[in-house]
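Participant: I have a structure here, written as C-alpha cells, and I will follow up with some questions on it.
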Amino acid sequence: MKNRVFSSGLFWEAFRQLKIVGILGCVIYVFLCIFVPTGINISESAYYVNVGRYASDALEFMPEEMLLAGIFISLIFVPVMMLVAFQFLNKRNSCDFYHAIPVKRLPMYMSILLAVLVWTLMMILIPAAVLGIMCGALPYVHVTARSLLLVGLNVLAAAVFVMGVFSIGIALSGTLFTNILVSLIIMLIPRLLFIAYMTIIGNVAVYYPVDGMLELFFSKTNVISRLIVFMTGYEGELGLTTVFFSAAEGIIYLVVGGVVFNHRKSETAQKPSLTNRVQIILRMIPAYLCGTVGAGFLLYYFNYRKYYVSVYYEKEYLFFGIVFMAVSILLYFIYELLTARKWRAVLKSFKQLPVLVVLVAATFFVLKFVTYRIEAYRIDTDEVKYIEIKEISYLSEDFEKEWDKLDRKIYDSEYIDKIADIYNKQADRTEDSYTTADETQCEISVKQGGAVYNRIVYIPDYLLSDIIDMIDEHNGWTAGMKLPEYSAGIYLDMNMGEAELSGSQTEQLYNCLKREIEENNNLMNVFMTDWEYEIATMYVNQRLDLRDSYYLTYGIPISYKTPETLGLLSDFAGGGENLEDFITAIGECDNANGEMTINVITKDEIEAFWVNIYSGDDVLGRYAELAEILDKYGQKGCAAGAGTVIMKGYVYLEDYDDYYLTGSDYFYEVYSLSDEGMELFKEICTEIGEYWD
Amino acid sequence: MISVEGLTKTFDGYKAIDNVSCKIPEGCIYGMVGSNGAGKSTFLRILTGIYKADAGSVSIDGKPVYENPDIKKNMAFVPDDLYFVNNSSMNRMKKFYAGVYENFDRKRFDFLCSAFKLDPSKSVSTFSKGMRRQAAIILAVSTRPKYLFLDETFDGLDPVMRSLVKSLVCKDVEERKTTVIMTSHSLRELEDTCDQLALLHKGGLIFESDIANLKTSLFKVQIAFVEAYDKSRFEGFDMLHFSKSGSVSNIITRGDRAEVEERLKGMRPAILDILPLSLEEVFTYEMEALGYVFDTGILEKEGE
C-alpha cells in the first residue's frame, strides 16, 4: 500500500515546506488567544466592577470572539498554506519534477493535503490550550471545554471548507493569480448567485418568503458566512450545524479537487486554466452573475410597470439593468485579459459571448416564469388541508426556536377562509403589500392538494391573536414551556434609565413573573408583547446542549400583561420618585432632557405615547397637569389593567447623553384612574405626546 | 527495454511528437539530437511519465509508465530546466529524494558530493548553472536508477565536469546495466558517449542508428572532372547535399561506401576523394536534407 494512497516522504516534504507559514500562524493565533481574553477581562471587569452580582459571577467567554480570531486561520493561513504546498503546480519545471517522482497523483494530493491539515490542527490545538490556560488565570473570564470544543470544531470546519475550495481552484488553474481568482469564484459565486436568485424572486414576488432560506443558507450552513452575519451584528447561534455543513461542503470540494488533480496534466502549469473549455466556463461565471443581477433589475422594472405605474424609480431599475448587462460583458473580457494576458485571447473569446447572452436571457425568462407562477397562486379553500403559521414577524429571534417546536397547523375552516381571503386580496394587489399598524407579517405554509405553498400574509392583529390563542390551547403551553428556575444567568434590562436592582430584587421579580405567567397560562401572549408596551425586559440565559445553540436568551417583556410583576418593578425601581418629582428635576436644570413612555389602558384599548421633555419646555406646565390629574383622580401602586396608566421616564443632562442625573432621574409608576381622570389624562397625552404607531 | 509505439503529443493544436516509434534496448546509451523545438524534451517527458501521450504508447519493461510508480521508482530524470525546492540545500533535497525514491543511496550521494566538490549544506540557489546541473545529476544517480533520462546533459558543464559526468554515466551502464537516454546539442559529446543516436525533427523520428553505422553510411565526396558537368551527372546517388566550386564538387551522399566509390570511379573523375563525416556534419546535412537550413550569410547583411 506504500505510496498507493499516501506517500510519507511527500507528506514530510510538504510539512517542511509549510513550516514557516505554519509556525507564523500558530504564533499569531496564540497571541490572539492571550490578548483577546485579556482585553475582554479588562473591559468587562471595569464595567461591572461596581455590580456585586456580576463581580461574583465570572463572565462567560464568548466563543464568537475567538472564532473571529480563528478566521485568521481559515481565511488567511489555510489559503496561504494551500498555495505554498501546491505552488509546484504553477511552474513547468517544478510540476514536471513532481510528476516524474514515483508517486501517483492521488497519493501526492492526499499527502500534501494532510500536511496542510496537520499544520491547521496545530494552529487550532496549541492556541486552544493557551486559551484554556488564560481563561483559567483570568478572574472575570472563563471558558468551558464545551465552548473551546465548539470554537475548535468551527474553525476546523471552516479550514476544511477553505481547503476544499482552494484544492479545486488550484487544480483547475495554473498560475498563482488564477489559483486565487478561481478559488474565490468557487467560494463566492454559488453563494452570490443564490442571493441574487432569492433576492430577485423575493422582490418581484413580494409574498414569497425568501428570508428564511437566505438565513438558512448563511447562518446555519457555513461557518464563514455565519461569522460575516455575526460581524454585522446578528447574534444568532453557534452550534454543530454550521460545523457539519461547512465540513461536508469542504469534503465534497476536496473530493472534487482530488478528481481534478488526478486528471490535471503537468502542462497545465503556467496556463490560466486546465483546458480551454474550463477557461470558457470560468470567464463566463462572474459575467453570468453580473448579468443575472441585470436581469433581476429588468424584471423589477417590468413588474413595477405592471403594478405600480406611478412609481418614479421604475426607470432607475431599467437603467441599472442595462448597466449590469454592460458590466457583465465587460467582466467577461476583463477576466480573459487578466488571466490569459493576451489580447488575442480576448478577441478569441468573442466566439463564446453569445452563450453568455443566451444564458442571461434564459435566466431572465426562467425567473420571470418562476415569479409568475408564484404570483399566480391563490389559496383555494376547497383544496386546503391546513395552513401552518410558520413565522410571526414580531417574535423574538430566540423565541422562534420555541415557536418552531409547536404544532402550528390550522385546520379550522373558518380561520382558513379568513387567511385565504386576506392572502388572495393581497395577491390580487387589491390591498397594500406593506404592513400597517394593526397587521402583522406572518409566514404561512398552505397544504393545498398535494403541494405545500409558503407565502407571506399580513394578518390583522385581532385575528392573529385568536389564532395564537388557538395554537396556544392546542399545544398546552405551560406544559411544555415553563420558565426555568432562577439562576445567576437571569438579569433585568430596564430598557430606559439606570435603575439598578439587587440580586435578591431581581430574583423576587423573576419569581413573581414566572408565577404570574404560569398562573395565567399566557407565556406566549406575554412573549408577543409589542415593544412599545415593554416597560422592562427580563433576560433569561439558558445553556443548551451541544447539538443545539450554545446559549439561548429569552427576553420576557414586563408590561401591562404582567401587572403584578409590573407593580413589583415599580416598587423596586421607582425609587420613591413620582411624575411630579421627575418634572421638578427637569425644571430645575438648564440642560436636562427627558423621555417618558406612557401606556394608557382603558377597557376598550391600550395606547402608547412617547414624550420628549426638556428644560425650559413651554409646555412643562402641561406635564405638571398630568401629575395633578394623577394626584386628584388616581391611586398609585395598583395592578395594571383597564383604567390604569403605566409610566416610565428618565432624564439626563443634554451635554452628556450617557450621564444620568441622580435622585429623580427616573421613575416607574402604575396608577389607576377614574373614568373622568382617564379622559383628562388621555386628552393631555394626545396633545403633548406622540403615538408610537 | 523501452518500447515506443506510434507516439503522438499535441499542444494547443501543435504536434510536438508525431507518430514516433522506437525501441531502446537495455544497457544502452541512447542519444537524441534534433533542431530546437524538434520535440526531444517532450519525448523525454512522455518517456518519464510526466506527460500523457495523446496517442500511441510507451512501455518500459512491458509496463506503461504514466502514473506507474513501480516503473518510475527505477527511473531518474534530469530535465533541461532544473528544479530545486526554494532555498533548499542539497542535503534538504537528499531528504526529499530519500523520502520518495526507495532505492536512494545516501552513501553514494555523500561520495558524489565530495567527488564533485559540492557543499551539500549550501543553498542550491547560490550555485552556478553548472553546479546546479551537477547537483541534479548527483541526486538522480543516487537513486540508483535502472533508467536514466538526461535532457541537455552537458549544458553549463565545463570540460572537466563533462568528462566526470560521462564517466559516471558510463560506469553505471557498465556496472549496473543502466539504460541512459540523453539529449544534447553537443554532438561531439554524444559521439563519444552514445551507442545509438536518434534524430528528431518537427516531432518525427527521422532515423535512429548505431553511431558506427551512422558515420559510415554517410560520407563526403570531393570530385572533379576535366569536362564540364553539373548536378544531373550524379543522378541515381542518394545525395543529401551538392555544391560546386569551379570544377570541384562537394557531395554528401548516403549508401555503401565501397559501392559508391566503385560507381564514381567508373565516371572517370580527375579528382576523387571520399572523406568520413563527423557526427556534427552528419546532423547538419541530414537536417539540411529535411529543409532545416539557414544561410549564415544573412547575418552579414545586418546593418547594411
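The values are calculated or read from the model by the stated rules, or taken from the named source; none is laboratory data. Owing to the predicted nature of the structure, the values given are computational and were not obtained by experimental measurement. Please note: Cβ atoms are built from the backbone with ideal geometry, for glycine as well, and neighbour counts cover all protein chains shown. The protein model used for the area step is the full one, side chains on, heavy atoms only, and it has no ligands, DNA or RNA in it. Shrake-Rupley method; radii C 1.70, N 1.55, O 1.52, S 1.80 Å.
Participant: Condition check: part of a helix (DSSP H, G or I) and modelled with pLDDT under 65. Does A:ALA69 satisfy that?
Facilitator: no
Participant: OK, next. State yes or no: is A:GLU397 closer than 30 Å to A:THR537 by Cα, among the charged types (D, E, K, R), within 28 Å of the chain's Cα centre (by Cα) and at pLDDT 90 or above?
Facilitator: Details: closer than 30 Å to A:THR537 by Cα: yes; among the charged types (D, E, K, R): yes; within 28 Å of the chain's Cα centre (by Cα): yes; at pLDDT 90 or above: no.
Judged against the criteria, A:GLU397 is not a match.
Participant: So which of A:LYS405, A:LYS348 is out of contact with any strand residue (DSSP E or B) (no Cβ under 9 Å at 6 or more places or on another chain) and either over 30 Å from A:LEU193 (Cβ atoms) or among the aromatic types (Phe, Trp, Tyr) (or both)?
Facilitator: Numbers: A:LYS348 fails: either over 30 Å from A:LEU193 (Cβ atoms) or among the aromatic types (Phe, Trp, Tyr) (or both).
Result: A:LYS405 is the single residue among A:LYS405, A:LYS348 that is out of contact with any strand residue (DSSP E or B) (no Cβ under 9 Å at 6 or more places or on another chain) and either over 30 Å from A:LEU193 (Cβ atoms) or among the aromatic types (Phe, Trp, Tyr) (or both).
Participant: Across the range B:4-14, what is the total count of residues that are out of contact with any Ser or Thr (no Cβ under 7 Å at 6 or more places or on another chain), more than 14 Å from chain A (Cβ to nearest Cβ) and farther than 10 Å from B:ALA55 by Cβ?
Facilitator: Count: 0.
Participant: Select from the range B:232-254 the residues that are surrounded by fewer than 15 Cβ atoms within 10 Å (Cβ to Cβ) and under 33 Å from the mean Cα position of the chain (by Cα) and list them in ascending order.
Facilitator: Matches in the range B:232-254: B:GLU235, B:GLY236, B:ASP238, B:SER243, B:LYS244.
Participant: Report yes if some residue within the range B:25-41 is in contact with a strand residue (DSSP E or B) (Cβ under 6 Å, 6 or more places away or on another chain), in contact (Cβ under 8 Å) with a residue 60 or more places away in the chain, under 23 Å from A:MET108 (Cα atoms) and crowded, with 22+ Cβ neighbours inside 10 Å; otherwise report no.
Facilitator: No, the range B:25-41 has no match at all.
Participant: Which condition does B:VAL58 not pass, out of (1) within 11 Å of chain A (Cβ to nearest Cβ); (2) buried (at least 21 other Cβ atoms within 10 Å of the Cβ); (3) within 25 Å of A:PRO107 (Cβ to Cβ), if it passes all the others?
Facilitator: So B:VAL58 meets the others, but not (1).
Participant: Hey, another quick one. Being in a helix (DSSP H, G or I), under 30 Å from A:SER147 (Cα atoms) and at pLDDT 95 or above is the requirement here; does A:TYR253 meet it?
Facilitator: yes
Participant: Taking the condition of being open to solvent by less than 20 Å² (accessible area, probe 1.4 Å) and in a strand (DSSP E or B), how many residues in the range A:665-687 meet it?
Facilitator: Of the residues in that region, 5 qualify.
Participant: Hey, any hits in the range A:163-186 for a residue that's within 24 Å of the chain's Cα centre (by Cα) and of a type outside the set (A, V, I, L, M)?
Facilitator: Looking through the range A:163-186, none of the residues is within 24 Å of the chain's Cα centre (by Cα) and of a type outside the set (A, V, I, L, M).
Participant: Quickly run through the range A:68-90 and pick out the residues that are within 9 Å of another protein chain (Cβ to nearest Cβ) and closer than 23 Å to B:LYS73 by Cα.
Facilitator: Filtering the range A:68-90 down to residues within 9 Å of another protein chain (Cβ to nearest Cβ) leaves A:87-88.
Passing the criteria: only A:PHE88.
Participant: Looking at A:THR436, A:THR478, A:THR440, which is the one that is modelled with pLDDT of 75 or more, of a type in the set (Val, Ile, Thr) and under 22 Å from A:GLU391 (Cα atoms)?
Facilitator: On the way: A:THR436 fails: modelled with pLDDT of 75 or more; A:THR478 fails: modelled with pLDDT of 75 or more.
Within the list A:THR436, A:THR478, A:THR440, the selection yields A:THR440.
Participant: Related question: Only residues that are part of a loop (DSSP other than H, G, I, E, B) and open to solvent by 30 Å² or more (accessible area, probe 1.4 Å): list them for the range B:118-151, please.
Facilitator: B:ASP119, B:PRO120, B:SER121, B:LYS122, B:SER128, B:ARG144, B:LYS146, listed by residue number.
Participant: Of (1) touching a strand residue (DSSP E or B) at 6+ places or on another chain (Cβ under 7 Å); (2) at pLDDT below 75; (3) open to solvent by 50 Å² or more (accessible area, probe 1.4 Å), A:GLU588 satisfies all except one. Which?
Facilitator: Every listed condition holds for A:GLU588 apart from (1).
Participant: What tally of residues in the range B:77-92 results from selecting those that are within 8 Å of chain A (Cβ to nearest Cβ) and in contact (Cβ under 8 Å) with a residue 40 or more places away in the chain?
Facilitator: Final tally of qualifying residues: 3.
Every residue, every condition in (1) hydroxyl-bearing (Ser, Thr, Tyr); (2) within 22 Å of A:ARG16 (Cβ to Cβ), yes or no:
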{"position": "B:ILE46", "(1), (2)": "no, no"}
{"position": "B:SER57", "(1), (2)": "yes, no"}
{"position": "B:GLU67", "(1), (2)": "no, no"}
{"position": "B:TYR83", "(1), (2)": "yes, yes"}
{"position": "B:ASN91", "(1), (2)": "no, yes"}
{"position": "B:TYR97", "(1), (2)": "yes, yes"}
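Participant: Considering the range A:154-175 alone, what residues qualify as being of a type outside the set (Val, Ile, Thr) and within 20 Å of A:ILE73 (Cα to Cα)?
Facilitator: Listed by number, the residues that qualify are A:ASN154, A:LEU156, A:ALA157, A:ALA158, A:ALA159, A:PHE161, A:MET163, A:GLY164, A:PHE166, A:SER167, A:GLY169.
Participant: With the structure loaded, tell me whether A:ARG408 is outside the structural domain of A:ILE468 (by TED's automatic domain parsing) and modelled with pLDDT under 95 or whether it fails that test.
Facilitator: Answer is no for this residue.
Participant: Can you tell me which condition B:LYS72 does not meet? The list is (1) over 26 Å from A:LYS19 (Cα atoms); (2) surrounded by fewer than 20 Cβ atoms within 10 Å (Cβ to Cβ), and all the others hold.
Facilitator: Going through the list (1) over 26 Å from A:LYS19 (Cα atoms); (2) surrounded by fewer than 20 Cβ atoms within 10 Å (Cβ to Cβ), B:LYS72 breaks only (2).
Participant: Then there's this: Being surrounded by fewer than 20 Cβ atoms within 10 Å (Cβ to Cβ) and free of Cβ contacts under 8 Å to residues at least 24 places away in the same chain is the filter; apply it to the range B:93-112 and report the residue that is farthest from the other protein chains (Cβ to nearest Cβ).
Facilitator: B:PHE111
Participant: Now a separate question. Looking only at the range A:504-543, count every residue that is polar (S, T, N, Q) and at pLDDT 80 or above and tell me the total.
Facilitator: Start the filter on the range A:504-543 by keeping residues that are polar (S, T, N, Q), which leaves A:504-506, A:508, A:511, A:520-522, A:525, A:529, A:537, A:541-542.
Remaining after also requiring at pLDDT 80 or above: A:504-506, A:508, A:511, A:537.
Qualifying residue count for the region: 6.
Participant: Is it the case that A:PHE244 is aromatic (Phe, Trp, Tyr), open to solvent by 30 Å² or more (accessible area, probe 1.4 Å) and not assigned by TED's automatic domain parsing to the domain that holds A:LEU282?
Facilitator: yes
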